[in-house]
1. Among the residues of the stretch 259-279, is there at least one that is more than 14 Å from the chain's Cα centre (by Cα) and polar (S, T, N, Q)?
2. Might you check whether a residue that is of a type in the set (Gly, Ala, Ser) and either assigned to a loop (DSSP other than H, G, I, E, B) or on the phi > 0 side of the Ramachandran plot (or both) occurs anywhere in the stretch 238-256?
3. Based on what the data block shows, is GLY293 in a loop (DSSP other than H, G, I, E, B) and of a type outside the set (A, V, I, L, M, F, W, C)?
4. Restricting to the stretch 286-303, what's the tally of residues that are at pLDDT below 90 and within 16 Å of ILE325 (Cα to Cα)?
5. Residues ALA280, ALA251, ALA256: which one is touching a helix residue (DSSP H, G or I) at 6+ places or on another chain (Cβ under 8 Å) and under 17 Å from GLY133 (Cα atoms)?
6. Which of the residues belonging to the stretch 28-68 are surrounded by 17 or more Cβ atoms within 10 Å (Cβ to Cβ), over 13 Å from ALA303 (Cα atoms) and at pLDDT 90 or above?
Amino acid sequence: MNIIIKRSKTMAKQIWPSVLAIFFALLLSGFLLFATGHNPLRAYARLFDGAFGNLNRFAETLVKTIPILIIALGTSVAFKCKLWNIGGNGQYTVGAIAAVAVAVYVPLPYFIRIPLSLVASIVAGMIIGGGVGLLRAKMNANEVITTLMFNYIIMYFLSWLVNGPMMDPEGFGFPQTQLIPDQMKLQSIIPGTRLHFGLFLALIIVVVAFIFWKTRTGFRISLVGESHEVAQASGVSVQKHIVLTMMISAALPAIAGWIDVFGIHGRLQENLPGELGTIAIVVALLGGLNPIGIVFASLFFSALVVGGSTMQRFEGVPYSLVGIIQGLVIVFVICRVVYEEFKEKRRVKQLVH
């Protein structure tokens with residue numbers, strides 16, 4: 001009983017700052033709505049209705065949640081090791097490229113091609129992540145810069161592919177690849193909606209992530225993040241776990257790319273991930289790097305995206321307000337992270353003296 005109470009208090013302590021960040025973001029945005037002649041309560045009611053008002057809208061919110069959730073889980077793995085993986089867009093894209101390459105060009109039966117394409121996506125993501133990890137471990141290259149550079153490299157590589165060797169010959173010159181075979185697409189869970197079986201894979205990944213942090217490898221990654229010196233003194237190879245962390249962190253966005261291709265897009269197109277990688281960073285921090293927290297943070301941001309269009313259509317509120325709410329949440333999350341780092345440094349300084 002005491003263990004349950006203790007865990008509940010720990011969970012509440014992790015969630016509370018995120019709830020406050022969302023509350024103050026909505027509060028300040030409400031003042032902006034009021035100042036521009038809109039009713040904040042009615043606007044937010046429309047936003048909520050647009051995201052959850054009926055089965056179709058809720059299904060669309062879940063569709064948006066799936067890639068954000070998986071990329072954010074991958075990002076959280078790196079953050080736990082005190083590594084900044086901001087290459088979610090590139091890792092998502094390379095996973096999608098590998099998936100389509102196998103689905104369209106490998107002459108094997110569909111039941112073999114489907115798992116093979118998933119494996120190809122994971123391997124592609126791990127190669128990118130492993131490269132970033134090696135640069136960090138061996139050369140102390142800043143992973144923020146290297147993951148950002150890989151984003152641009154992969155983005156231009158995708159553009160070259162869809163305008164060149166992988167362009168659909170029957171696509172009237174549009175920068176896109178052939179559609180993957182219908183037999184390989186993820187089927188819809190709810191008829192008449194875009195919600196597909198990728199949702200179950202996302203939930204499996206959440207469960208695996210929750211269990212992962214209780215394993216020896218998960219503990220060692222956290223230990224490396226806390227202190228390289230302590231990890232080395234405990235017999236943990238810091239360099240090995242930096243590379244491993246980045247490989248895991250990059251593999252998850254690649255899986256998200258596979259799911260979106262097989263569940264939604266069906267082909268490669270330019271700027272495939274949009275802003276997913278950026279949103280995922282905020283979601284990971286907002287969720288406190290906890291898999292359960294990330295689930296709710298992903299759902300919140302997806303609801304903003306889906307409900308924002310309804311709010312604009314029925315209340316005349318500019319869709320840019322969604323960006324303002326997201327921006328304010330980012331500001332409050334960053335403030336929280338900075339404050340926690342300041343508090344930790346102050347605690348360490350007091351212990352030293």
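The values are calculated or read from the model by the stated rules, or taken from the named source; none is laboratory data. From a predicted model like this one, the values you see are computed outputs, not experimental measurements. Note that each Cβ is placed from the backbone with ideal geometry, even for glycine, and that neighbours are counted across all protein chains shown.
1. Yes: one or more hits.
2. No, that holds for no residue.
3. So GLY293 does not fit the description; no.
4. 1
5. ALA251 is the lone residue from the list that is touching a helix residue (DSSP H, G or I) at 6+ places or on another chain (Cβ under 8 Å) and under 17 Å from GLY133 (Cα atoms).
6. If the condition is that a residue be surrounded by 17 or more Cβ atoms within 10 Å (Cβ to Cβ), over 13 Å from ALA303 (Cα atoms) and at pLDDT 90 or above, then PRO67 is the only one that fits.
Listed here are the residues, each with its yes/no results for (1) of a type in the set (Val, Ile, Thr); (2) out of contact with any Ser or Thr (no Cβ under 9 Å at 6 or more places or on another chain).
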| site | (1), (2) |
| --- | --- |
| ASN271 | no, no |
| THR278 | yes, yes |
| PHE301 | no, no |
| PRO318 | no, no |
| VAL322 | yes, no |
| VAL331 | yes, yes |
| ARG336 | no, no |
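The rows are residues; the columns are (1) assigned to a helix (DSSP H, G or I); (2) of a type outside the set (A, V, I, L, M, F, W, C); (3) at positive phi.
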{"position": "MET155", "(1), (2), (3)": "yes, no, no"}
{"position": "LEU161", "(1), (2), (3)": "yes, no, no"}
{"position": "ASP168", "(1), (2), (3)": "no, yes, no"}
{"position": "GLN178", "(1), (2), (3)": "no, yes, no"}
{"position": "PHE210", "(1), (2), (3)": "yes, no, no"}
{"position": "LEU223", "(1), (2), (3)": "yes, no, no"}
{"position": "GLY235", "(1), (2), (3)": "no, yes, yes"}
